[in-house]
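Reading through the structure tokens given below for one structure.
The values are calculated or read from the model by the stated rules, or taken from the named source; none is laboratory data. All values derive from a computational prediction rather than experimental measurement. Neighbour counts run over all protein chains shown; Cβ positions are idealised from the backbone, glycine included. Note: areas computed on protein heavy atoms with side chains; ligands, DNA, RNA excluded. Shrake-Rupley method; radii C 1.70, N 1.55, O 1.52, S 1.80 Å.
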Amino acid sequence: MDAVFKQGLRHPINKGGTIIISTSRGLMLPIHQPPIVSWANQAHHMSIILQHPASVEWIYSHYIQLELLQGFTGDRLINYTFPNAPETVCPWLEVRHIPRNSITGNIVPWLQERLMEGYYIYLFLNTYHLPSYLAYQDRHYAHDPLIFGFDSNSHTFAIRDFHTSSQGYLKYETFNVDSNSMERSYNDMSEDNDMLGGIQLLRINPNCMYPFDSKLVASSIADYLESKCSYLKTDNWLTSPVSAYGFQIYPHLSDHMRRVAEGSTSADFRLIHVFHDHKLLMRHRLHFMAHNKRLIPDHLASGYDEVLTTSLLARSLALKYYLTQDTMLLHKCEQLLLDLQNKERQALLAVLDSLAAI
């Protein structure tokens with residue numbers, strides 16, 4: 001748990017399954033470090049539900065299939081495929097949607113009241129007004145933090161999001177935003193950029209019981225290898241045109257590296273970050289299946305470790321290019337992606353064979 005407010009600690013209060021740590025200065029809701037931080041909304045959800053250890057069974061049953069989609073600004077992105085918005089299909093989350101036009105007056109006390117009720121607050125803000133963001137006082141840019149606490153003495157909110165860390169690079173972590181900046185950033189959000197059309201209030205469902213779904217995992221891995229989505233998807237606020245699924249993303253990544261090396265496009269290393277996070281979470285999943293559930297033999301889980309190592313090397317080369325602009329690094333990265341594709345296919349086919357034998 002991230003310790004934001006350490007002074008004046010009082011006894012925890014249980015509100016709707018959420019343990020509120022109340023202090024003489026304010027309060028904070030519990031936050032846990034997620035295993036992956038590819039996208040803010042996914043990291044937020046995991047940060048909440050991981051206060052219950054059993055929630056890993058739902059996490060490891062999902063986040064398997066990938067899709068190449070069009071982002072809100074027209075760029076190409078990699079994300080995880082879900083039949084609906086992740087917060088909607090996650091049984092560990094209770095979700096309330098509050099329309100923006102239903103909130104009147106100063107947003108600051110309203111946010112504090114919701115936090116005191118045990119709700120995490122997910123919303124879009126205009127980061128032009130928020131220190132620690134790249135867009136601060138430079139351009140109007142909407143982003144989606146999670147608010148999980150406040151401090152009455154310092155007049156700040158504790159939030160989680162990607163921001164410019166004290167080390168000078170973009171990082172997903174906890175930081176504070178003063179109340180005045182929070183109010184300005186909320187009030188200066190255009191309707192076109194408010195993808196949620198308001199605020200989501202999130203709270204953990206303490207009665208959730210979701211056992212690890214090995215059949216879903218097997219079908220999702222098969223979809224990933226076969227580059228298809230075998231279930232219907234419901235339109236939601238994240239819906240965007242999809243151009244490829246699963247293994248079809250490999251040639252897109254290689255082509256992106258090639259075009260960056262040729263100078264015909266700008267580098268977008270979010271792609272390789274998300275792709276590596278996918279391998280990291282798959283590695284966690286397979287070890288969980290081998291050691292906790294005894295669904296696959298240990299050697300299949302440890303065999304995937306080589307996939308993760310190759311993925312890490314490919315990401316490191318891409319980041320090194322960002323620092324040096326040496327295009328030879330991108331050509332090496334392109335070759336590693338081909339090696340990675342072969343290794344991952346063999347590793348996951350072996351997992352599917354093992355699951356089919358159960």
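Across segment 315-348, the number of residues qualifying as among the polar types (S, T, N, Q), touching a residue at least 24 places away in the same chain (Cβ under 8 Å) and closer than 20 Å to F247 by Cα comes to 1. Flag not set for N176, criterion: under 30 Å from N101 (Cβ atoms), out of contact with any Ser or Thr (no Cβ under 8 Å at 6 or more places or on another chain) and of a type in the set (S, T, N, Q).
Against the list (1) in contact with a His (Cβ under 7 Å, 6 or more places away or on another chain); (2) open to solvent by 40 Å² or more (accessible area, probe 1.4 Å), the condition S185 fails is (2).
Could you check segment 38-88 and list, in sequence order, the residues that are at pLDDT below 95 and β-branched (V, I, T)? Passing the criteria: T73, T88. Can you confirm whether segment 204-223 contains a residue that is of a type in the set (F, W, Y) and touching a Ser or Thr at 6+ places or on another chain (Cβ under 8 Å)? Within segment 204-223 (the criterion being of a type in the set (F, W, Y) and touching a Ser or Thr at 6+ places or on another chain (Cβ under 8 Å)), the answer is yes, since at least one residue qualifies. Of all residues in segment 282-294, those satisfying the criterion of being touching a residue at least 60 places away in the same chain (Cβ under 8 Å) and buried (at least 20 other Cβ atoms within 10 Å of the Cβ) are M282, R285, L286, M289.
When the residues of segment 316-338 are filtered to those that are open to solvent by 60 Å² or more (accessible area, probe 1.4 Å) and under 24 Å from L225 (Cβ atoms), the one that is nearest to the chain's Cα centre (by Cα) is L338. Filtering S214, S240, S264 for residues that are touching a strand residue (DSSP E or B) at 6+ places or on another chain (Cβ under 8 Å), open to solvent by 20 Å² or more (accessible area, probe 1.4 Å) and of a type in the set (S, T, N, Q) leaves a single hit, S240.
R184 - would you say it is within 15 Å of Y122 (Cα to Cα) and basic (K, R)?
Values: within 15 Å of Y122 (Cα to Cα): no; basic (K, R): yes.
Against the criterion (within 15 Å of Y122 (Cα to Cα) and basic (K, R)), R184 does not qualify.
Checked against (1) of a type in the set (S, T, N, Q); (2) surrounded by 19 or more Cβ atoms within 10 Å (Cβ to Cβ); (3) assigned to a loop (DSSP other than H, G, I, E, B), S220 meets all criteria but (3).
Run down D353, D268, D305 and say which single residue is out of contact with any Ser or Thr (no Cβ under 9 Å at 6 or more places or on another chain) and modelled with pLDDT under 95.
D268
Considering (1) touching a residue at least 60 places away in the same chain (Cβ under 8 Å); (2) open to solvent by 50 Å² or more (accessible area, probe 1.4 Å); (3) not hydrophobic (A, V, I, L, M, F, W, C), the lone condition that Q200 does not fulfil carries the number (2). The numbered conditions (1) surrounded by fewer than 13 Cβ atoms within 10 Å (Cβ to Cβ); (2) modelled with pLDDT under 95; (3) within 25 Å of G105 (Cα to Cα) are all true for Q167 except (3). Whenever a residue of segment 68-81 is of a type in the set (D, E, K, R), its partners that are assigned to a strand (DSSP E or B) and open to solvent by 30 Å² or more (accessible area, probe 1.4 Å), lying with C-beta atoms within less than 8 angstrom and at least six residues away or across chains, give the pairs R76/Q70; R76/S243.
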